[in-house]
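The values are calculated or read from the model by the stated rules, or taken from the named source; none is laboratory data. Here the structure is a predicted model, which is why all the values come from computation and not from measurement. Cβ sites come from the backbone with ideal geometry, for glycine too, and all protein chains shown count toward neighbours.
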Amino acid sequence: MNRIDRITEIMARSAARNSSRRSFFGRLGAWLTVGTVAPLLPVSRAYAAKGPQALQPQEQGDPTSCDYWRYCGIDGFLCACCGGSASSCPPGTEPSPITWVGTCRNPVDGRAYIISYNDCCGKAACGRCQCGRDEGATPTYQPSTSNDLDWCLGTQAGIAYHCSTSVVLGPAD
């Protein structure tokens with residue numbers, strides 16, 4: 001018997017002597033319990049109740065105009081013209097959980113901000129304030145930054161596109 005086989009045999013016999021199925025299932029149960037209880041900790045509940053706080057930079061301009069600073073990478077109908085706002089969907093629609101992102105420069109403070117573009121889904125297309133800017137857009141082989149895809153696929157409403165919002169996520173620097 002060669003040396004590696006002998007060492008492997010000794011380690012396997014030692015593991016078999018010092019462990020049992022009962023202890024394995026006991027440890028497995030403990031880890032499963034910890035894994036299911038961890039999301040219920042008070043820290044997690046406090047964060048969920050508060051929710052993430054969106055950064056609201058100083059703004060100027062008309063959110064119903066395609067030249068509004070947040071719309072540098074938008075493609076579609078502006079929700080600000082369709083009963084919503086620049087950052088919220090109109091009633092009766094739901095935001096797509098899948099988004100594309102862009103980086104736009106705010107003319108008020110001169111800083112660049114990361115913008116999340118969300119499609120609002122569930123109604124027929126709004127048809128007002130069509131805007132198709134694609135500053136810094138990449139080809140569709142990098143879909144997280146492409147504005148040419150239908151992002152309503154992840155909603156309960158299906159693929160009925162209504163309009164698009166632009167939510168400021170934070171400064172790009």
message = Just to be sure I understand, how many residues within segment 144-157 are at pLDDT 70 or above and either more than 15 Å from the chain's Cα centre (by Cα) or not assigned by TED's automatic domain parsing to the domain that holds Gln130 (or both)?
response = 1
request  = Could you grab me the full set of residues in segment 65-114 that are β-branched (Val, Ile, Thr) and out of contact with any Lys or Arg (no Cβ under 9 Å at 6 or more places or on another chain)?
outcome  = Ile98, Thr99, Val101, Thr103, Val108, Ile114
query = Does segment 27-50 include one or more residues that are modelled with pLDDT of 85 or more, closer than 24 Å to Gly154 by Cβ and outside any strand (DSSP E or B)?
reply = no
